[in-house]
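First up is the structure itself, then whatever we jot down about it.
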Amino acid sequence: MQRIYFNEVVTRDGFQNEPAFVPTDAKVALIDELSACGYAKVEVTSFTSAKAIPMLRDAEEVMGRIRRVPGVETTVLVPNVRGAGRALESRADELNLVMSTSETHNLANLRMPREKSFAGLREVIAMAHAAHSGRVPVNVSLSACFGCPMEGDVPADEVLRWAGRFADLGVRGLTICDTTGMAHPAQVSRLARLLRNRFGSLQLTLHFHNTRGMGLANVLASVQAGIDRFDGSLGGLGGCPYAPGATGNICSEDAIHMLHAMGFETGIDLPRLLAVARRLPEIVGHDVPGQVAKAGLITDLHPAPSYVAELRSQFS
Ligand code: COA
Ligand code: ZN
């Protein structure tokens, strides 16, 4: 059975777009519950400016209080050198650096041109690789790889060029992000194959948003192109506050449910995850887009109406 690895991003990508602050206690409890479900990785928080992302201003406290589960990596988003220092101090298992392949989105989100982001992130990679606690692996999340809501098309060559610059710096993985749900399956299939050919020795993760309903179709296209790592967000929460029109990530439990139904192995205890997902609306104070938590598993059968037995005997 083929293994697919999931990184849960609800408390980072999911929460950063929520209007009402989620208390630190609730974040810690949720991350602990998610870590017990069998994820390969959990993106706990981000070490960004508290002014830019007020929801995640408690990053240190959250990292200090969560239970570390052997086999479940904790990763954190890092936009700059200042964030890297804080992240290393928090003993994150991995640093997930972020920059955009679109100049306009990089300026909107990180307030600097891509070259300046790259120069800072090069320094961050050196810091992580020389950390006093030992080399900390680095993943780089490249935003807007399938299109930018302000610039339009982002050519595949541009994505490959930035991916190549980071690969040359010795990163362990690359996450190719569809920040505002512009990707379609044919495009995903093409880019995934190009990435696998060029960067097959790196951990390649795909990060989709379901903004236009193409999220799970894009997961399927990726799997068919040989991709085995995905970011997902519990309940389908998510979105970048600095990308116009951004809405939720692919819903983790819906994607995992689909892959299990197709015979893939994820290591995730789906009934347990669904129980966590069903508590999410209470945590964020509103309904969430996820569907399987509402509908139940395809294997959850319902009793037939009483007249079915009568009809059966009538027609036999
Ligand atoms: N952690 C905490 N504070 C930080 C920080 C970090 N990593 N980086 C910068 N700051 C603080 C500075 O100390 C400064 O604070 P002050 O105004 O109280 O002096 C303020 O943020 C601005 O610093 P500056 O260096 O001018 O940064 P900036 O305004 O150019 O912002 C980012 C750069 C990247 C820090 C900021 O845009 C950011 O955090 N963006 C969030 C990106 C994000 O997470 N988007 C969603 C996920 S893709
Ligand atoms: Zn995202």
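Points worth noting:
- Checking each residue in region 73-88 for being under 19 Å from residue 173 (Cβ atoms), of a type outside the set (A, V, I, L, M, F, W, C) and within 11 Å of ligand 1 (Cβ to nearest atom) picks out 79, 83.
- Any hit, region 253-260, residues being over 18 Å from the mean Cα position of the chain (by Cα) and either over 29 Å from residue 151 (Cβ atoms) or of a type in the set (D, E, K, R) (or both): yes
- Any hit, region 209-232, residues being in contact with a Leu (Cβ under 8 Å, 6 or more places away or on another chain), of a type in the set (S, T, N, Q) and assigned to a strand (DSSP E or B): no
- Screening 164, 173, 200 for residues that are in contact with a Pro (Cβ under 8 Å, 6 or more places away or on another chain) and farther than 18 Å from residue 233 by Cα leaves exactly one candidate, 173.
- Of all residues in region 149-179, those satisfying the criterion of being open to solvent by less than 60 Å² (accessible area, probe 1.4 Å) and of a type in the set (Asp, Glu) are 158, 178.
- The residue list 176, 227 contains one member that is closer than 18 Å to residue 99 by Cβ, under 16 Å from the mean Cα position of the chain (by Cα) and free of Cβ contacts under 8 Å to residues at least 40 places away in the same chain, which is 176.
- In region 1-23, the residues that are assigned to a helix (DSSP H, G or I) and among the hydroxyl-bearing types (Ser, Thr, Tyr): 11
- Scanning region 87-120 for residues that are hydroxyl-bearing (Ser, Thr, Tyr) and within 17 Å of residue 49 (Cβ to Cβ) yields 90, 100, 117.
- Listed by first and then second residue, the pairs linking a residue in region 235-259 that is on the phi > 0 side of the Ramachandran plot and part of a loop (DSSP other than H, G, I, E, B) to a residue that is surrounded by fewer than 24 Cβ atoms within 10 Å (Cβ to Cβ) and among the aliphatic types (A, V, I, L, M), with Cβ atoms under 9 Å apart and 6 or more places separating them unless they lie on different chains, are 238/246; 239/246.
- From the list 295, 277, the one residue that fits, being open to solvent by less than 70 Å² (accessible area, probe 1.4 Å) and modelled with pLDDT of 95 or more, is 277.
- Search result, residues across region 3-27 that are more than 16 Å from ligand 2 (Cβ to nearest atom) and open to solvent by less than 10 Å² (accessible area, probe 1.4 Å): 4, 22, 27
- Flag for residue 303 being open to solvent by 40 Å² or more (accessible area, probe 1.4 Å) and closer than 29 Å to residue 144 by Cβ: no
- The set of residues in region 180-222 that are in contact with a Phe, Trp or Tyr (Cβ under 8 Å, 6 or more places away or on another chain) and open to solvent by less than 30 Å² (accessible area, probe 1.4 Å) comprises 181, 183, 188, 191, 205, 206, 207, 208, 215, 218, 219, 222.
- Here the strands (runs of 3 or more DSSP E) wholly within region 24-129 that include at least 1 residues being within 17 Å of the chain's Cα centre (by Cα) and farther than 22 Å from residue 280 by Cα are 73-78, 94-100.
The values are calculated or read from the model by the stated rules, or taken from the named source; none is laboratory data. Treat the numbers as computed from the prediction; the structure is a model and nothing was measured. FYI the Cβ positions are ideal-geometry reconstructions off the backbone, even for glycines, and counts take in every protein chain you see. Side chains are part of the model used for accessible areas, which takes the heavy atoms of the whole protein and leaves out ligands, DNA and RNA. Shrake-Rupley method; radii C 1.70, N 1.55, O 1.52, S 1.80 Å.
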